[in-house]
Each structure stands twice: as structure tokens, then as C-alpha cells.
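**Student:** Sending over a structure as C-alpha cells; questions will come in a sec.
What follows is calculated from the coordinates using simple rules that are stated; it is not laboratory data. Keep in mind the model is a prediction, meaning the values are calculated, not measured. Please note: Cβ atoms are built from the backbone with ideal geometry, for glycine as well, and neighbour counts cover all protein chains shown.
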Amino acid sequence: MAVDRSTPVTLPLGFWRDEKRYRDARMRPLRGRDEAALLESGAPRTRAEWTTTVLHRCIDALGPMSSVDVEAVRSLTVGDREALLLHLRRLTLGDTLPCALTCPSCEEKMDLELSARELLLDPHPLDQRWHEMRIDDEEVSYRVHFRLPTGADQEAVAARGARDAETAAQQIARRCVDRVVDAEGTELPEEAWPGSLVEELSEQLETLDPQAELIINSKCPFCNHGFSRLFDVAAYFSKELGGREERFYREVHTLAFYYHWSEQEIMRLTLPQRHRYIELINETLSEDRR
């Protein structure tokens, strides 16, 4: 039967613990027990909450942490969480991510194959937890002390994001600000922050954490029109895993019936392993009918 083996992966930005940054982590693929937990969770989750749940189940270590709690997963930057989802998808279902796109110009449908490895960016050279930027607004200069968005920030504004993505993005940007100081060194209350702060800070956040938002550039083979699409790893991966509760338990039943394995043993299999055994059963049954 399958044994849980974790694989070392590298975080693009890394997490901080005791004022030291760590970029190393270890993950294992999703097993049947993880699929069952996701399918049986009951109340629907936002994508941010789903990401926290699935990563928490499959991250074996973060730097010196051999026991990773859910708050540690929430504290990771958005880009690190996206990278970990890509690693998890690759470990669980393979590197190739088939996609179907519709050209916005001629409306023809086109197939596209992405690679999880190619979507992973190189580690960013950032070496600080907090950042500072200057904003010039109406001939007045301000210094903004900020951090990068985390999974906790995404979860906090998730309800708003479902209704108004732009307002949610603004709320996340404001959550990341530690303080704003004017030219005289006076710290300003939030209501006195410059009007351009959110827009300029959002641009800076994209630059500092490029893995957080993956943009796929494509060209239509029918009309040669070039266009871009945002690739949401959580939406893609959760859709692959979701909506298969009945099939999942049929597969468990089939393996238990023919191999006489316990539920616990079957739940340790990855999805590809489970499907391979199902294929072998079907091949044997087909041969017996001849």
C-alpha cells in the first residue's frame, strides 16, 4: 500500500519565524482521506478558505516547523500559497494542466496545456519582512510602511470579494499598511491617508509578489488575436477535485470488494494510484468475459 512520502519544495518568498526567513517546505500528495475530508466538509468554503484547508492537510513541514498549524498556513503570502498549490497539484495529478479557452475576438474555443513547473517563478530576492515606499500626492510626500498580503487577509475579505472584487482588493491593500508618515514624520490616521495610496500600493504589491497573480498570455490560432487571462490555481484545482463524491465512494467500494482492503488502506492511496487499480480490475473483468 501507499506510504506518505513528502517532497521538498521551495517557497518564492518564504515565511518568517523568530525574525528569520525560511523558504523550505515539505509536502505530500493528496490521499483518499484528504479527498473525503474535502467532500464531506459540509458548508461551502471560499477559495481562500479552501486553499488554507487543503494546504494544511498536505504540508508536512515549514522550515523548522515539523508540525504545521493552520495559522501558519494562513500567515503565508498569497504568492507562496499559490506556489504550494501548484506543487500540490503536480504531486497529486501530474504537471500538465489542460485548459479550455474562448477567444474574446472570434469566440472560437481553443485548448491549451499549461505546465505547473513552468508556472512556478524563481525565488524572489526580497530579504525583509516589512517594506517601505514613497508616495507623492499633490506635491506632498508620504512614506508608507507595509507588508505583503497573506492568506489571512484573503480570508478576512472573502465575503466582500464574492460581491465586489475591486473593493476587496482595496481592503486587502489597506490591511497591509502598518503606518503612513508625512514629510514631517507625523504618523497619519487612516482617514488622512493620501487618495492614491491604495492604487499605488496595489501596484507595488504585484511587483513584490508576482507569483500571487498568474497571467496567461495566449494567441488565438483561428484569428491570431492575442489576449490575456488570469489563471486562478485554487479555482482550477478545486474544480478538478469537486463534484465527484458519488464516484469517489464507488471507487472505494470497488477496491474494497475486489481486493478486500480496509477503508483505511484505500484512503491512503493517491487518486492516480486508485484509478490505476480500478483500471486493472476492469481489465481483468473484461478478460474474464471473453
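**Student:** As a footprinting exposure proxy, order Met267, Met65 by other Cβ within 10 Å, with the fewest listed first.
**Tutor:** Met65, Met267
**Student:** Same structure, new question: Counting helices only, and only those DSSP H runs with n ≥ 4, report the 222 nm mean residue ellipticity of the chain as the sum of -39,500 (n - 2.57) divided by its residues, in deg cm²/dmol to the nearest 500.
**Tutor:** Dividing the helical sum by the residues of the chain leaves -13000 deg cm²/dmol.
**Student:** Using alpha-carbon positions, what is the distance between the centroids of the stretch 221-249 and the stretch 102-176, in Å?
**Tutor:** 20
**Student:** Now for a different question. For the chain, can you list the cysteines whose C-beta has no other cysteine C-beta under 4.7 Å from it?
**Tutor:** Cys58, Cys99, Cys176
**Student:** Quick check: residue separation of His225 and Glu206 times 0.36 nm, minus the Cα distance between them. What number comes out in nm?
**Tutor:** So the extension gain works out to 4.2 nm.
**Student:** With +1 assigned to the C-beta of every Lys and Arg and -1 to the C-beta of every Asp and Glu, and no other charges, what is the dipole magnitude of the stretch 114-214 about the Cα centre in debye, to the nearest 20?
**Tutor:** Roughly 540 debye, rounded to the nearest 20.
**Student:** Now, a different point. In what order do Leu201, Leu285 fall by count of nearby beta-carbon atoms within 10 Å, going from fewest to most?
**Tutor:** Leu285, Leu201
**Student:** Follow-up. So how do His131, His260, His225, His87 line up by other beta-carbon neighbours within 10 Å, fewest first?
**Tutor:** Placing the least packed residue first, the sequence is His260, His225, His131, His87.
**Student:** Which one is right for this structure if Cα extents along the principal axes in Å is calculated from it: (1) 51, 49, 47; (2) 63, 50, 36; (3) 87, 53, 34?
**Tutor:** (3)
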